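To keep things clear, I will list the structure first and then write my remarks on it.
The values are calculated or read from the model by the stated rules, or taken from the named source; none is laboratory data. Not measured: the values here are computed from a predicted model. We place every Cβ from the backbone using ideal geometry, glycine too, and count neighbours over all the protein chains shown. Just so you know, the surface numbers come from the protein's heavy atoms only, side chains and all, with ligands and any DNA or RNA stripped out. Shrake-Rupley method; radii C 1.70, N 1.55, O 1.52, S 1.80 Å.
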Amino acid sequence: MSLQKKAQLCAEYIKEHAAALVVSHIDADGLTSAAIIGKALERTGIEYKTCFVKQLDSAALKDIADRNPELVIFTDLGSGMLDAIGSLKINAVISDHHQPQGSYEYHLNPHLFGINGATEISGSGVTYSLAQALGDNGDLAALAVVGAVGDLQHVKYGQLIGTNRSILEEGAKNNVLHYEKDLLLFGKQTRPIFKLLQYSSDPYLPGITGSEDASIEFLKKIGIRQHGEKWRRWIDLETREKQGIVSALMQRCLSSGLQASNVQRLVGEVYTLLCEREGTEVRDASEYSTLLNATARYDHADIGLAVCMGDRGKIYDEASRLLEEHRRNLVEGLNLIKEKGIIQMENIQYFDSGSKIKETIVGIVAGMSASFVSNKDLPIIAFADSEGGLKVSSRGNYNLIRKGLNLGLAISEAAKEVGGTGGGHDIAAGAFIPKESKNEFLITLDRKIGFQVRKIGMQLEP
Ligand code: C5P
Ligand code: C5P
Ligand code: ZN
């Protein structure tokens, strides 16, 4: 069977119902997934309500079952809780891309078809396949790409690959998406150019990152002028000026001793949403996904969902305000790790942010911190206080995955051993564990990850 065939089966099952409860995850991929299925249900004439959860644990499942829904559609979550969902007396469809644990009849997941859910398709991509099986929903490809970019699925190859690529091509054919190679720095639609340089953390621009003065001086030196008092945005520059900046940045990085592979990360494919107004966050998939994270990860999933459903008025302005706060929190979070440092064990490194970083963004901060931690050969584990326990987030890299790292598996096993729950992807995973079990969890995880990376390492030896 193929993903599309299974999507057909799930779609037929959905159509047997008149109403559904959509349950999704509080991040960009979760919001876009919920919006995609919401639009598709609306167009099919099926009534629906949406709710968002931080984590799908037994308590959340009980709350959902207590609502007595006719049908539940889980998007961007659920694959880690298949048996628990099966044991509830509910009708459910699960449209997710996390590594599956257990089995369930109406479970749509790329891993069941040999497709990698961390690089080839996101929760919103899976849900887009379901939407396409429900009807003609090709325009929703734009939201699917925002979800994939939000999950950083384009990072490994500098472009979307696999099923994501097919969705992108469909979106391009339907005139909702455009893709091209461009500078990868964040904020090309909305921020004055010097800020792109000043806030670049991946790659870290030697002598430029972190300094407004140095960023401005760099631009002036290569002949980029202000217009009156104002700095232009990237989208306002002429092609010649853009090329000048990219090559000067590359030269600066190379002459400062940055590895060529890091320098190459300055450019890559970028995704434009053609139906959105130029100069707004939602015109660019990466800025759009950050805008969404700034809502749902701060208990305002309703605002993010409204933006995905098309609001460009008051609610959109509210989302933009939340974005400013989110950016400030990320910078503060990164500064905290720089000050506190990171503790190394044999096979992992970790920091505990206590209550200083919100549990819903500690994973993003852990991912961003990879650009400045000195040891790139160990996965980063992060802790944040959570109600009734500890939130764990982890981030690896593709070099470690080649050696055998599977964070989703290691984290879910280690969490289970100390009485918690967890899961995710090979490259990024999370868990919730009892507060007092932190040390035991760290020791167990360190051992498991050591085993993972050495096992494959041994197999590779001649
Ligand atoms: O829950 P979900 O699947 O939506 O989240 C995936 C997570 O994996 C995201 O937080 C994303 O940032 C992270 N990721 C990463 N690096 C990658 C791919 C994914 O940090 N290369
Ligand atoms: O929360 P964080 O961004 O660190 O999550 C990383 C990945 O692990 C995401 O894909 C998330 O959905 C997944 N995760 C999970 N179970 C948890 C916590 C996170 O599957 N308890
Ligand atoms: Zn996802």
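Bins of 5 Å, beginning at zero and ending with the bin holding the largest distance: percent of Cα pairs per bin for segment 341-380, please. Each 5 Å bin holds this share of Cα pairs: 5, 23, 34, 23, 12, 2.
For segment 183-334, relative contact order (Cα pairs under 8 Å, six or more residues apart, normalised by length) works out to 21 percent.
Sparsely packed loop sites in segment 371-454 (the chymotrypsin sites (Phe, Trp or Tyr not before Pro) outside DSSP H, G, I, E and B with at most 15 other Cβ atoms within 10 Å) comprise F372. Around the amide H of F52, modelled in the peptide plane, lie the amide H atoms of S24, all under 5 Å away and 5 or more residues distant in sequence or on another chain. Placing unit charges on the Cβ atoms only, positive for Lys and Arg and negative for Asp and Glu, gives the chain a dipole magnitude near 1120 debye about its Cα centre.
Using C-alpha pairs under 8 Å with a sequence gap of at least 6, the mean separation divided by the residue count of segment 341-460 gives a relative contact order of 23 percent.
Sorted from greatest to least, the principal axis extents spanned by the alpha carbons of segment 145-279 come out as 42, 36, 23 Å. The distance separating the Cα centre of segment 282-303 from that of segment 29-96 comes to 20 Å. Only DSSP H runs of four or more residues enter the estimate; each adds -39500 (n - 2.57), and after division by the residues of the chain the mean residue ellipticity at 222 nm equals -14000 deg cm²/dmol.
Taking the DSSP beta bridges with both ends in the chain, the antiparallel portion is around 60 percent. Along the chain, counting only GluC sites (Glu not before Pro) with a DSSP assignment other than H, G, I, E or B and at most 13 other Cβ atoms inside a 10 Å radius, the longest segment between sites is 106-228.
Ratio of Rg to Rh for segment 231-288, alpha carbon only, Kirkwood?
So for segment 231-288, dividing Rg by the Kirkwood Rh gives 1.05.
Based on the Stokes-Einstein relation at 37 °C and a viscosity of 0.692 mPa s, and on the Kirkwood radius from alpha carbon pairs, segment 341-460 is assigned a translational diffusion coefficient of 236 µm²/s. Based on alpha-carbon atoms, the Kirkwood radius and the radius of gyration of the chain give Rg/Rh equal to 0.96. The phi torsions of segment 15-32, fed into the Karplus equation with coefficients 6.51, -1.76 and 1.60 and a -60° offset, translate into couplings of 5, 6, 10, 9, 8, 9, 10, 8, 10, 9, 9, 7, 9, 4, 5, x, 5, 5 Hz, rounded to whole numbers, with Gly and Pro shown as x. Take every Cα pair under 8 Å in the chain that's 6+ residues apart, average their separations, divide by the length, and report that relative contact order as a whole percent. Worked out over the chain, it gives 12 percent. Cross-link reach is defined here as a Cα-Cα straight distance under 27 Å, omitting same-chain residues fewer than 8 places apart; for K221 the lysines meeting it are K181, K188, K195, K230, K242.
In this structure the amide hydrogen of I73, modeled in the peptide plane, comes within under 5 Å of the amide hydrogens of L21, V22, V23, V93, none closer than 5 places in sequence on its chain. Cα centroids of segment 208-224 and segment 427-452: how far apart, whole angstrom? Using only Cα atoms to place each centre, the spacing works out to 43 Å. Reported to the nearest whole Å, the Cα centre-to-centre distance from segment 348-402 to segment 174-192 is 28.
With a Förster radius of 60 Å applied to the C-beta separation of E12 and N439, the computed FRET efficiency comes to 0.75. Here r is the Cβ-Cβ distance between R312 and E169 and R0 is 25 Å; the resulting FRET efficiency, rounded to 0.05, is 0.40. The chymotrypsin sites (Phe, Trp or Tyr not before Pro) of segment 152-229 meeting both criteria, a DSSP state outside H, G, I, E and B (loop) and at most 15 other C-beta atoms within 10 angstrom of the site's C-beta, are Y157.
Accessible surface for R252 stands near 80 Å², nearest 10, in the context of the full protein assembly shown (1.4 Å probe). Within the assembled protein chains, the solvent-accessible surface assigned to H227 is about 120 Å², based on a 1.4 Å probe. Close amide H pairs (under 5 Å, H built 1.01 Å from N) link S386 with K391, residues at least 5 positions away or on another chain. Qualifying trypsin sites (Lys or Arg not before Pro) in segment 290-330, where qualification requires a DSSP coil assignment and no more than 15 other C-beta atoms within 10 Å, comprise R312.
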